[in-house]
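Scroll down for the structure; my scribbles are underneath it.
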Amino acid sequence: MHRLTLIKIGFFSVIGLSGVFLLLPVLDLSKQKTDTGRYSIPRQVRYSFTLKNTFGKLIQNADLWAYGPVKQTPAQKCISIKASHPYKLIEDESGNQILHFVLEKLPPYANRTISIEADLMMADSPNPTGPENLQPFINPSKFIECDDAKVIELAETLKSTSPEKTTENIYHWVSNHITYTGFSGKDRGALYALKNKKGDCTEYTYLYAALCRANAIPVRCVGGYICTQNEILSPAGYHNWAEIFDNSTWQPVDPQRQMFRKNASWFVAMRIFGNDTTNPMGEYHRFRFKGDGLKVKMAGTQRWKKSNPLKNEKKSPICS
């Protein structure tokens with residue numbers, strides 16, 4: 001067994017789908033981390049991917065990597081993950097959980113659907129977090145150009161007498177000065193948003209993060225879904241937002257949807273942005289795959305993603 005495989009052999013869950021009962025491997029995370037945080041709101045999310053062999057020959061190994069919910073944040077705790085197919089769980093240093101599926105011998109022109117179900121517990125107010133290395137969340141990084149002169153100049157004008165007021169000033173400026181353009185399939189970054197005064201949720205997030213970091217306020221970028229109840233996730237719902245550190249915990253800030261430090265239980269985190277080399281997803285936001293002739297789509301979209309003949313992988317949409 002691979003060292004990173006956390007599925008418990010012999011522990012299964014049986015569910016019925018359209019009269020067909022599937023034996024699903026269960027990853028139980030409820031006892032993997034001891035904490036005193038309060039997570040009182042149950043939430044379940046489900047989503048699926050269809051893999052299609054477009055070639056007239058067998059695909060020996062069709063690989064799919066997909067994000068599961070983040071293991072634990074101050075407002076979210078992942079209790080269990082169930083899937084219709086066996087997978088290897090990879091966890092990076094940020095707590096991101098990546099499910100790696102390998103479908104052996106996918107026949108010519110055949111389809112296979114992989115279904116995922118995750119049970120979460122959410123918190124209305126983020127729980128306090130322990131000591132963290134916050135330096136990466138102050139430094140400049142790709143797409144968060146907090147060391148650029150124009151970013152620094154604007155950040156200085158928004159600085160107030162306290163970090164709390166400064167973060168609020170930045171939130172209002174980004175919300176009021178950036179025009180939402182709808183989904184873009186390309187990351188453009190904070191400088192693009194500042195110069196062009198437009199972008200999708202990713203650019204709102206990057207610009208907010210850059211202005212906070214220019215004021216030495218720790219901020220991280222998060223990708224996931226806004227869920228006010230149990231949800232079947234779809235690509236159209238994918239969204240990015242920021243989280244600021246206020247000396248005790250991470251607080252959500254969403255300048256595009258105009259939510260400042262509230263509704264923490266609505267934000268289902270699937271990815272915390274970072275530069276962790278143990279994360280096989282790279283800059284892919286939701287999923288990636290590999291296999292000559294393979295196409296993949298997430299349920300809820302009509303558009304197939306096709307294998308890149310050079311890299312055998314395709315970037316997924318960022319947000320809508």
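The values are calculated or read from the model by the stated rules, or taken from the named source; none is laboratory data. These numbers were taken from a predicted model, which means no experiment stands behind them. Counting neighbours? That spans all protein chains shown, and the Cβs are built from the backbone with ideal geometry, glycine included.
Table for the structure above
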item	result
Checklist (1) within 18 Å of Leu106 (Cβ to Cβ); (2) modelled with pLDDT under 50 applied to Asp35, failing item	(1)
Residue ID - farthest from Asn275 (Cα to Cα), chosen from residues in segment 221-243 that are part of a strand (DSSP E or B) and touching an Asp or Glu at 6+ places or on another chain (Cβ under 9 Å)	Ile226
Top-ranked residue of segment 207-229 - restricted to ones that are in contact (Cβ under 8 Å) with a residue 60 or more places away in the chain and more than 21 Å from Asn247 (Cα to Cα), ranked as surrounded by the fewest Cβ atoms within 10 Å (Cβ to Cβ)	Gln229
Residue match in segment 197-205 (condition: in a loop (DSSP other than H, G, I, E, B) and surrounded by fewer than 24 Cβ atoms within 10 Å (Cβ to Cβ))	yes
Residues of segment 113-140 classified as among the hydroxyl-bearing types (Ser, Thr, Tyr) and either surrounded by 19 or more Cβ atoms within 10 Å (Cβ to Cβ) or under 20 Å from Arg38 (Cβ atoms) (or both), total	2
Top-ranked residue in segment 239-250 [being of a type outside the set (D, E, K, R) and out of contact with any Gly (no Cβ under 7 Å at 6 or more places or on another chain); ranked as surrounded by the fewest Cβ atoms within 10 Å (Cβ to Cβ)]	Asn247
Check on Ile152, buried (at least 20 other Cβ atoms within 10 Å of the Cβ), farther than 24 Å from Lys290 by Cα, aliphatic (A, V, I, L, M) and more than 22 Å from the chain's Cα centre (by Cα)	no
Condition check for Leu233: out of contact with any strand residue (DSSP E or B) (no Cβ under 9 Å at 6 or more places or on another chain) and of a type outside the set (S, T, N, Q)	no
Single match in Gly282, Gly274 (criterion: over 22 Å from Glu164 (Cα atoms) and in contact (Cβ under 8 Å) with a residue 12 or more places away in the chain)	Gly274
Scan of segment 95-120 for residues that are part of a strand (DSSP E or B) and of a type in the set (Ser, Thr, Tyr), ordered by number	Thr113, Ser115
All positions within segment 68-87 that are more than 16 Å from Arg43 (Cβ to Cβ) and not hydrophobic (A, V, I, L, M, F, W, C)	Ser84, His85, Pro86, Tyr87
Selected residue [crowded, with 22+ Cβ neighbours inside 10 Å and closer than 15 Å to Gln97 by Cα] from Val268, Val253	Val268
